[in-house]
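Novice: Structure below; questions to follow.
The values are calculated or read from the model by the stated rules, or taken from the named source; none is laboratory data. Everything numeric here is computed off the predicted structure, so don't read it as measured data. Because the Cβ atoms are built from the backbone with ideal geometry, glycine has one as well, and the counts that use them run over all protein chains shown. We work out accessible area using only protein heavy atoms, side chains counted, and drop any ligands, DNA or RNA first. Shrake-Rupley method; radii C 1.70, N 1.55, O 1.52, S 1.80 Å.
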Amino acid sequence: MKKLVITAALVGAEVTKEDTPHLPVTPDEIVQAAVEACQAGASIIHLHVRDAEGRPTQDKEIYREVIEGIERHTDAIIQVSTGGAVGMSSKERLQPLSLRPEMATLTTGTVNFGNEVFMNSPEQLQLFAEEFERYGVRPEFEIFDVGMVANALRLVERGFFTGHLHFDFVMGVPGAIPATPENLLHLMRQLPEGATWSVAGVGRAQLPMATLGILWGGHVRVGLEDNIYYRKGELATNTQLVERVVRLATELGRPVATPQEARQILHLTRNNFY
């Protein structure tokens, strides 16, 4: 199997300091969390940011500050979110693309998200695809349900995103695809030959899905965005969650990729995916 690419999803848009004091929210805290996650073995930093009140924001100047801080101390692949938070407009969500990060997430469909609805209409997908190509940013297709794989491939059929394709299966969100081995296998079978994938299990699903990702030749996303517990009743840090995946991968005989090795696996070239 190829080396394992670990993504650290440090912040997200839903978790708060009231949920866990370990959540990084200020630019300095996010940079420090990213540095520690990279030292632990992560090669991709999946990035959300917060405003001065700790609320989710897509303000590109805050993203710029955080990205520059991470790049001063690591060689990590920066993957910004274009999901933002539920209820944000397309214009808000797209702001950090103009910074031309190496990667950004692209959710290819609408999904129930707990008690809310995360909207991604066909018109929005067209707009987002155009903006990704405008700035030369490699998408990670964020898949919350099976039909989103087909939506992503329809964009490719229409001429967007030539080259290597990478998918992230986000499993266990209430209202979206449940995190079961059968469902992960079904998602894997939808992908075209040569595509790569990672899996992000939400809540208690994080550890079993990460283990399957290691064993089944995929890659793994962990972090406080998706799960705040190390085990039942014990709050985790981002670093602990990355370290656990590294230990599991080592025990299962799968080496962990450095950022440069991850770029080779994902066929990344900085600021240009053609």
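Novice: Starting from the alpha-carbon convex hull of segment 213-274, give the projected area averaged over all orientations, in nm².
Specialist: Average projection, Cα convex hull of segment 213-274: 5.5 nm².
Novice: Still on this model: Can you order the peptides 74-86, 213-225 by their average number of other Cβ atoms within 10 Å per residue, highest first?
Specialist: Top to bottom by mean Cβ count within 10 Å: 213-225, 74-86.
Novice: In percent, how large is the relative contact order of segment 5-101, given Cα pairs closer than 8 Å and 6 or more residues apart?
Specialist: Computed over segment 5-101, the figure is 29 percent.
Novice: For segment 123-135, in order, what is each residue's ³J(HN,Hα) by Karplus, 6.51 cos²θ - 1.76 cosθ + 1.60 with θ = phi - 60°, in whole Hz (x at glycine and Pro)?
Specialist: Each residue of segment 123-135 in turn: 5, 5, 4, 4, 4, 4, 4, 4, 6, 4, 5, 4, 9 Hz.
Novice: What is the antiparallel percent of DSSP beta bridges lying wholly in the chain, to the nearest 5?
Specialist: Of the beta bridges lying entirely in the chain, close to 20 percent run antiparallel.
Novice: Still on this structure, I have one more. Provide the packing ranking of 183-190, 136-143, 16-23, i.e. peptides ordered by the mean count of other C-beta atoms within 10 Å per residue, highest first.
Specialist: 136-143, 183-190, 16-23
Novice: Can you divide the C-alpha Rg of segment 74-135 by 2.2 N^0.38 Å and report the result to two decimal places?
Specialist: Relative to the rule-of-thumb radius for its length, segment 74-135 sits at 1.15.
Novice: Assuming R0 = 35 Å, what is the FRET efficiency of residue 264 and residue 28, from their Cβ-Cβ distance, to the nearest 0.05?
Specialist: 0.65
Novice: How large is log10 I(q)/I(0) at q = 0.19 Å⁻¹ when the Debye formula is applied to the Cα atoms of segment 123-250, each weighted equally and without solvent?
Specialist: -1.05
Novice: Which one of 84, 215, 167 is farthest out on the positive end of the charge dipole of the chain, using unit charges on Cβ (Lys, Arg +1; Asp, Glu -1) and the Cα centre as origin?
Specialist: About the Cα centre, the residue reaching furthest to the positive side is 215.
Novice: What size of dipole, in debye to the nearest 20, comes out for the chain about its Cα centre when the only charges are +1 on Lys and Arg C-beta atoms and -1 on Asp and Glu C-beta atoms?
Specialist: Value, rounded to 20: 660 debye.
Novice: Right, something else. Quick one: what are the phi-derived ³J(HN,Hα) couplings along segment 27-44, Karplus 6.51/-1.76/1.60 with θ = phi - 60°, whole Hz, x for glycine and proline?
Specialist: x, 4, 5, 5, 4, 4, 5, 5, 4, 5, 5, 5, 4, 7, x, 6, 10, 10
Novice: Whole number in Å², please: accessible area per residue of the chain, 1.4 Å probe, ligands, DNA and RNA not counted.
Specialist: That works out to 42 Å² per residue.
Novice: While we're on this one: Would you kindly give the portion of the calculated P(r) for segment 1-128 that falls above 17 Å, as a percent of all Cα pairs?
Specialist: Everything past 17 Å amounts to 58 percent.
Novice: Scan segment 50-118 for trypsin sites (Lys or Arg not before Pro) in coil per DSSP, keeping those whose Cβ has at most 12 other Cβ atoms within 10 Å, and list them by number.
Specialist: none
Novice: Efficiency by 1/(1 + (r/R0)^6): what FRET value for residue 75 and residue 162, r their Cβ-Cβ distance, R0 = 30 Å, to the nearest 0.05?
Specialist: 0.70
Novice: Ignoring ligands, DNA and RNA, what percent of the accessible area of the chain is carbon or sulfur (1.4 Å)?
Specialist: That share works out to 51 percent.
Novice: Shifting gears a bit: Applying a 10 Å radius around every beta-carbon, put 256-268, 227-239 in order of their mean neighbour count, most first.
Specialist: So the peptides 256-268, 227-239, ranked by packing, come out 256-268, 227-239.
Novice: Springs between alpha-carbon pairs under 10 angstrom, Gaussian network model over the chain: which of 209, 103, 119 fluctuates most?
Specialist: 119
Novice: Something else about it: Could you let me know the centre-to-centre spacing of segment 125-195 and segment 207-260, using Cα atoms, in angstrom?
Specialist: 21
Novice: Over the Cα atoms of the chain, Rg to Rh with Kirkwood Rh, two decimal places?
Specialist: Value, to two decimals: 0.92.
Novice: How much length is gained on full extension from residue 112 to residue 89, taking 0.36 nm per residue of separation minus their Cα-Cα distance?
Specialist: Value of the extension gain: 6.6 nm.
Novice: Just to check, using Stokes-Einstein with a Kirkwood Rh over alpha carbon pairs, what's the diffusion coefficient of segment 1-49 at 25 °C and 0.890 mPa s in µm²/s?
Specialist: 214
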